[in-house]
Amino acid sequence: MRKRWLLYGAGVIVVLFGLLAGGYELSKKTAYKEEKMTNMYTSFSGMSDVEISSSEVVQNKDAGSVEKGSSQMMAYRDSVTLSVADTEAVMTLIVKETERIDGMVVSSYINQEKEETRANVEVRVPSVDRLTFLGFLSKAADDVIEQRSQGEDVTEQYVDNESRLKGKKKLEERLIHLLEKADETEDLIRVSNEIERVQTEIEQLEGKQRYLKGVTDYARVSIQLVDASVYVPDVAKSEDLKTGEKIKHAFVSSINTLMGFFSGLIVFIVGYSPIIALGILCGIVLNYWYKKKKKRD
């Protein structure tokens with residue numbers, strides 16, 4: 001009987017050890033899988049910093065190619081003030097010349113006053129035709145009152161953005177590859193969020209590149225036109241003089257002035273009648289006293 005219980009106890013112990021060993025192996029495999037997935041995600045998450053640091057090398061290579069080969073990327077902005085005899089005619093010429101060289105009119109404004117006409121035009125012209133267009137403006141005007149030019153070198157900024165953009169696109173490809181391999185819900189969510197963040201950064205960089213490309217391909221020119229013609233008034237016609245109406249206006253104004261004077265006089269007499277009466281009474285008393293004193297003397 002005692003041996004039987006010992007055999008039962010030994011069997012139970014063996015079974016327990018077997019279960020514990022199986023659970024340990026299962027937990028070990030699960031932990032290894034999670035660690036592997038985490039390391040893969042971490043490596044891809046850190047790719048942005050790695051790619052950015054490596055982009056410095058690419059940037060230096062691209063910058064060297066820019067210096068050796070193509071010209072620098074310059075963004076020009078010009079401001080010109082012109083004195084012209086016919087503002088509307090010159091403005092029309094500017095618009096036609098802008099369209100001829102495949103430029104575009106950004107805004108235009110003209111103010112017609114009695115003595116002069118002022119106009120403002122802002123255009124964007126191809127940078128390769130910028131100097132030719134400025135020369136055209138000088139010839140179209142009677143005089144160039146003021147001309148200012150400003151240029152900004154955006155080559156380094158463009159190359160840096162281009163390098164960062166390449167790194168972000170490589171990171172996006174690797175994250176998409178990782179997303180295809182992920183089978184856990186939590187990993188899918190984390191990788192999807194990372195892909196969304198990288199794609200947002202890619203769109204922002206692409207927008208900056210489009211802007212820099214636009215401002216370097218097309219120069220912005222602001223033009224102000226000042227009327228140089230001398231204003232000579234026309235001889236007034238009889239109907240413009242309106243003599244009859246002016247006489248009528250002067251007559252009515254004089255009558256209104258007289259009526260206003262007498263109206264004010266009446267108001268003064270009636271309104272201040274007590275004071276006036278007291279003054280008259282004092283005058284009578286003083287006059288009587290003076291005459292009486294004179295007779296005594």
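Since every read-out is calculated from the coordinates, none of them should be taken as a lab result. Predicted model only: the values in this text are computed from it and were never measured. Cβ placement follows ideal geometry from the backbone for every residue including glycine, while neighbour counts extend to all protein chains displayed.
Summarising the amide proton neighbourhood of VAL106: residues at separation of 5 or more, or on other chains, whose placed amide H is nearer than 5 Å comprise GLU122, VAL123, ARG124.
Using the Cα centre of the stretch 85-182 as the reference point, and only Cβ charges (+1 on K/R, -1 on D/E), how large is the resulting charge dipole? Debye, rounded to the nearest 20.
Working: 15 positive and 21 negative charges, 170 e Å.
The calculation lands at about 820 debye.
Could you give the dipole magnitude of the stretch 113-157 about its Cα centre, charging the beta-carbon of Lys and Arg +1 and that of Asp and Glu -1, in debye to the nearest 20?
Values: 6 positive and 11 negative charges, 35 e Å.
In total the dipole reaches around 160 debye.
Highest average first, the peptides 76-88, 146-158, 275-287 ordered by how many other beta carbon atoms sit within 10 Å of their residues are 76-88, 146-158, 275-287. Computed extension length for SER254-VAL270: 3.3 nm, one decimal, from 0.36 nm per residue of separation with the Cα-Cα distance subtracted.
Remark: for residue pairs LYS181/LYS208; LYS170/LYS208; LYS169/LYS208, the C-alpha separation exceeds 23 Å in LYS181/LYS208. Put a dot 7 Å past the Cα of THR132, heading toward its Cβ, do the same for GLN72, and the two dots end up 2.4 nm apart.
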